[in-house]
Every structure is written in structure tokens, then in C-alpha cells.
Amino acid sequence: MRFERAWVKMTEAEIARITTVLNATHAELIRSQDPRLASAPELALYRRATSHYDRGFVLAELGEAGMLANSETRSISLNTTSLDAVLKRRELITEEDRDIAATLFALHEAFHIAQGIGDHAHVRRMKQIAGQWIISFLDLQSTSCAVNLLADLLGLNALPDANDSTRNKIFQRLWIDLSHASLQSFPIYNNPSKCQRWVGHLMMSALLLKPSLWPGWSTRDVLWPVWSINEDEIAVLSKNIEVIVPPTKVSRATLRVAVEHLCAGDDAKAFVHVCNLVEYLKPQRR
Ligand SMILES: [Zn+2]
């Protein structure tokens, strides 16, 4: 049985501190003239999404919405309860990482504005008319944008001459340590598209740890897996719905077992099987 610690909510003081951190990062992203940051494709997207909201982020109770973009107050409200859920795994997210995990959450939510789902009513309706998968797909993309942008920013701030290897180390910490911990906070309850998001996320984690498996894969290449109902055939799509890995027969056990571990909340065990899957699958030359 998994050991769950008590859910310790943020104090008022921590909410105030985190809000200050988020808005300092927001201001830096909006105003930075650093050419190395300006070359990040996610920065233009972030600026386009958030330039109207010059009052920055506020934390508020929002019911089931993660975020609410307020055109009138020109601020982006983030759901305090959702952020509490992200930060609740104190055994996984250390004190020093709490501000970074909160920043990732804020950037993830802000990129939803760029994706056209800044209004929660649109999220609900999209799930109704297009299916849940579209939101999980956009979630994976949004996390990719948030981690890529934050890795660039933290890399520059940590070392003025940050190189690719510094960035990759930071990216791994954000994508594997912090994002896995955050994802664990939202159980998937056998939801197939949330499973797809997790498997895609873990496939990208596997490639981060062993890039030689798929030469040429970059941290900006989002992987969206789709599989047959029997879990014996899988294909992998890009964020632009290009087929990266064509439909491929796989051992039913590999995929099924990975999905079962994810549904049981054990991403570490699932990760072993997803690594085997990535090792087996071959991306096609494009
Ligand atoms: Zn989201």
C-alpha cells in the first residue's frame, strides 16, 4: 500500500511569497531582451498569450477550473486548490523546488491561453464535442512549452554562459523530477486519454535519459502515443499530428502492464516498461 502523507496546504504567507515569485518570472519573461532567451520559440507564444494580462498572476479558489484569464482585471487567476495539489507531495517536491514547481504550474496554465482554452467553459465543451483526448493532448503540449521555456530561463540565470549540457540537466530535473511529481497528484482513474498523456510524458523522459535511442529527438518534440483497444499495436504522433512511429505491433504485456501501473498510481514501475517500449519502437525517417 502506498504511503500518503497528510496534505499540508499552503499558508497565507507562502501564497504571498509564491505569487511574488510568479510575477517576478512573468515580468522577466515579458521584458527580457536577452537574445539567447528571445530565440526560444515558446517565448513569443508566452508573450502573445499573456501580454494583455499585465497585472500578472493571482491565486484564487476557482472550483474545477485550473486557471481563469480575466480580461477586465488583466490578470490570470490560478486555482489555489490545484496548486496545493501540485505541491502536496512534500516527499517528492523539496522546499527549494516548491517555487519552481509553482512556476511550472503557472506557465502550463498560461500556455493554455495561447492554445485557446483560457476559458474553462471552452475546456468543458471541447471535452463534450471532441472527446477528452484533446485536453490531455493540449496538456502534454502545454507542459512541454512550460518546461522548455523555464529550462532556458533557469539555465541563463544559473550560468551566464549556460551550454546545452546545463540546459539538459535543468530540463531533466523539470521534466522528470518535478513534472512526474506534479502528475502523480492528479490520479488518472483509468481515464484512457490521461493514460496517453502519462505514457507520452514517460516516453519523452526515457529519451531524455537515453537520447541515443532515437537520434535527432529534441526536447521540443512532443510524443503523443495512440494504441489499439487490445493494447497490441501502437503508433506515435507529433504535436502536429505527423506520424513519428508508424503503427507497430508490440507485446501486449509491455503496454498493458505499463498502463496498469499508471492506473494504480505507480509511475516508477510504469516507467520501466515504457523505457522498453521506446527502445523497441523505431521512429521513421521524415
Ligand atoms: Zn492543463
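If you go through segment 200-229 and pick out every residue that is touching a Phe, Trp or Tyr at 6+ places or on another chain (Cβ under 8 Å) and among the basic types (Lys, Arg), you end up with 0.
Could you tell me whether residue 186 is within 16 Å of the ligand (Cβ to nearest atom), of a type outside the set (Asp, Glu) and in a loop (DSSP other than H, G, I, E, B)? Break it down into steps so the answer makes sense when it comes.
Numbers: within 16 Å of the ligand (Cβ to nearest atom): yes; of a type outside the set (Asp, Glu): yes; in a loop (DSSP other than H, G, I, E, B): yes.
It is true that residue 186 is within 16 Å of the ligand (Cβ to nearest atom), of a type outside the set (Asp, Glu) and in a loop (DSSP other than H, G, I, E, B).
Might you let me know whether segment 159-179 holds any residue that is part of a helix (DSSP H, G or I) and farther than 20 Å from residue 220 by Cβ?
Within segment 159-179, not a single residue is part of a helix (DSSP H, G or I) and farther than 20 Å from residue 220 by Cβ.
Kindly indicate whether residue 117 is within 13 Å of the ligand (Cβ to nearest atom), outside any helix (DSSP H, G or I) and closer than 18 Å to residue 197 by Cβ. Don't jump to the end; show me each part of the working.
Details: within 13 Å of the ligand (Cβ to nearest atom): yes; outside any helix (DSSP H, G or I): yes; closer than 18 Å to residue 197 by Cβ: yes.
Criteria met by residue 117.
Residues in segment 41-52: is at least one of a type in the set (Gly, Ala, Ser) and touching a Leu at 6+ places or on another chain (Cβ under 8 Å)? Within segment 41-52, none of the residues are of a type in the set (Gly, Ala, Ser) and touching a Leu at 6+ places or on another chain (Cβ under 8 Å). Selection of first residues in segment 109-123 that are closer than 16 Å to residue 150 by Cα and outside the structural domain of residue 60 (by TED's automatic domain parsing) and of second residues that are outside any helix (DSSP H, G or I) and more than 10 Å from the ligand (Cβ to nearest atom), restricted to Cβ pairs under 8 Å at least 6 apart or on distinct chains, gives an empty result.
One residue is enough: does segment 123-131 have a residue meeting the conditions at positive phi and not basic (Lys, Arg)? Among the residues of segment 123-131, at least one is at positive phi and not basic (Lys, Arg), which makes the answer yes.
Looking for something part of a loop (DSSP other than H, G, I, E, B) and away from the ligand (no atom under 16 Å from the Cβ) - is there at least one such residue anywhere in segment 61-70?
To start, the set of residues in segment 61-70 that are part of a loop (DSSP other than H, G, I, E, B) comprises 61-66.
Checking which are away from the ligand (no atom under 16 Å from the Cβ) leaves us with 61.
Scanning segment 61-70, I find at least one residue that is part of a loop (DSSP other than H, G, I, E, B) and away from the ligand (no atom under 16 Å from the Cβ), so the answer is yes.
If you go through segment 140-168 and pick out every residue that is touching a Ser or Thr at 6+ places or on another chain (Cβ under 9 Å), within 12 Å of the ligand (Cβ to nearest atom) and not hydroxyl-bearing (Ser, Thr, Tyr), you end up with 1. For residue 54, the conditions (1) part of a loop (DSSP other than H, G, I, E, B); (2) crowded, with 18+ Cβ neighbours inside 10 Å; (3) not hydroxyl-bearing (Ser, Thr, Tyr) are fulfilled apart from (2).
Identify all residues within segment 127-158 that are outside any helix (DSSP H, G or I) and at pLDDT 95 or above; write none if there are none.
Here is the first cut: in segment 127-158, the residues outside any helix (DSSP H, G or I) are 131-132.
Within segment 127-158, no residue meets the criteria.
Here are some residues: 98, 90. Which one is away from the ligand (no atom under 16 Å from the Cβ), surrounded by 18 or more Cβ atoms within 10 Å (Cβ to Cβ), over 24 Å from residue 237 (Cβ atoms) and of a type outside the set (A, V, I, L, M)? Break it down into steps so the answer makes sense when it comes.
On the way: 90 fails: surrounded by 18 or more Cβ atoms within 10 Å (Cβ to Cβ).
Result: 98 is the single residue among 98, 90 that is away from the ligand (no atom under 16 Å from the Cβ), surrounded by 18 or more Cβ atoms within 10 Å (Cβ to Cβ), over 24 Å from residue 237 (Cβ atoms) and of a type outside the set (A, V, I, L, M).
The values are calculated or read from the model by the stated rules, or taken from the named source; none is laboratory data. Here the structure is a predicted model, which means the values were calculated and not measured. No Cβ is skipped: glycine too gets one built from the backbone with ideal geometry, and neighbour counts run over all protein chains shown.
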